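What follows is a set of notes on a single structure, which appears directly below.
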Amino acid sequence: VFTSERSGSADLYRVKPDGSNIERLTDSPAYDDQAAFSPDGRRLVFVSTRGGGTADLWLMDLQSRTAKALTSGPGGDFRPSWSPDGQWIAFSSDRLSNLPFAHGRWEHLHLVDLFIVRPDGSGLKRLTERGGFCGSPKWTADSRRLIAYCMTAEQTLDNRRAIPEHPEDTRIVAVDIHTGVVSDLSSGP
């Protein structure tokens with residue numbers, strides 16, 4: 001599954017691994033992006049600006065092509081990842097951020113937390129402490145932990161520079177979804 005603007009606005013497409021049978025999955029003037037298949041391959045979770053203009057998560061039944069909102073509200077929800085057991089969808093969100101200013105600067109800091117939600121919309125849970133940035137969650141094979149990259153709020157500003165001054169401040173972490181324990185993983189330079 002991939003995003004393309006080949007027909008105007010960003011829409012979702014799928015293609016077989018050999019490059020054959022390109023199929024358009026969405027046809028909306030909204031921006032549709034960042035899709036992930038359910039483990040059984042029958043549904044898709046994706047980010048869309050339909051329904052209000054903010055980046056929210058949507059679910060699509062691939063057989064009927066019907067889509068419905070999974071998340072909504074102020075702020076954006078990004079980078080959905082379906083757990084291998086199909087019970088949870090993890091995502092990054094700035095829904096709780098007030099975009100504070102960097103210390104002594106005019107630039108805003110982008111604060112992002114990790115969340116999980118069940119595919120039926122229940123069980124929404126924030127996994128990370130507010131005040132930093134954690135993004136692009138991916139599941140471990142046992143569906144018990146998320147792997148993500150995290151950094152301090154101030155580091156979000158440094159990472160926007162052409163050459164970050166402190167790239168070592170970004171960490172790869174594992175987050176236990178049941179206990180909330182965050183553990184640093186050795187990732188090297």
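For the chain, the carbon plus sulfur part of the accessible surface works out to 51%, probe radius 1.4 Å. With a Förster radius of 30 Å applied to the C-beta separation of ILE22 and LEU185, the computed FRET efficiency comes to 0.25. Among the trypsin sites (Lys or Arg not before Pro) in the stretch 4-48, those placed in a DSSP loop whose Cβ has at most 10 other Cβ atoms within 10 Å are ARG6. Annotation: amide H of TRP139 within the under-5 Å range of ILE147, sequence separation 5 or more or interchain, hydrogens built in the peptide plane. Once the Cα-Cα distance is subtracted from the 0.36 nm per residue extended length, the SER122 to ARG65 segment shows a gain of 18.3 nm. With the convex hull constructed from alpha-carbon coordinates only, the stretch 9-152 shows a mean projected area of 10.0 nm² over all directions. Mind checking which lysines have their Cα closer than 21 Å to the Cα of LYS68? Skip sequence neighbours fewer than 8 apart in that chain. Straight-line reach from LYS68, under 21 Å: LYS125.
For the chain, leaving out every one of the GluC sites (Glu not before Pro) that falls in a DSSP loop and has at most 13 other Cβ atoms within 10 Å, the longest unbroken run is 6-106. For the stretch 1-42, the square roots a ≥ b ≥ c of the C-alpha gyration tensor eigenvalues yield an a/c of 1.5 or more together with a/b not exceeding b/c, which makes the shape oblate. The residues of the chain present an accessible area of 54 Å² per residue when probed at 1.4 Å with all protein chains retained.
Per residue of the chain, the DSSP helices (runs of n ≥ 4 H) give a summed -39500 (n - 2.57) that works out to -500 deg cm²/dmol at 222 nm. Give the cross-link partners of LYS138 among the aspartates and glutamates, using a straight C-alpha distance below 19 Å as the criterion and excluding same-chain residues fewer than 8 apart. Straight-distance partners of LYS138: ASP33, ASP40, ASP56, ASP77, ASP85, ASP94, ASP113, GLU129, ASP176, ASP184.
The values are calculated or read from the model by the stated rules, or taken from the named source; none is laboratory data. It should be emphasised that the depicted structure is a prediction, and the values quoted were computed from it without experimental measurement. Using ideal geometry, Cβ is built from the backbone for each residue, glycine included, and neighbour counts are taken over all protein chains shown. For accessibility, only protein heavy atoms count, side chains too; no ligands or nucleic acids. Shrake-Rupley method; radii C 1.70, N 1.55, O 1.52, S 1.80 Å.
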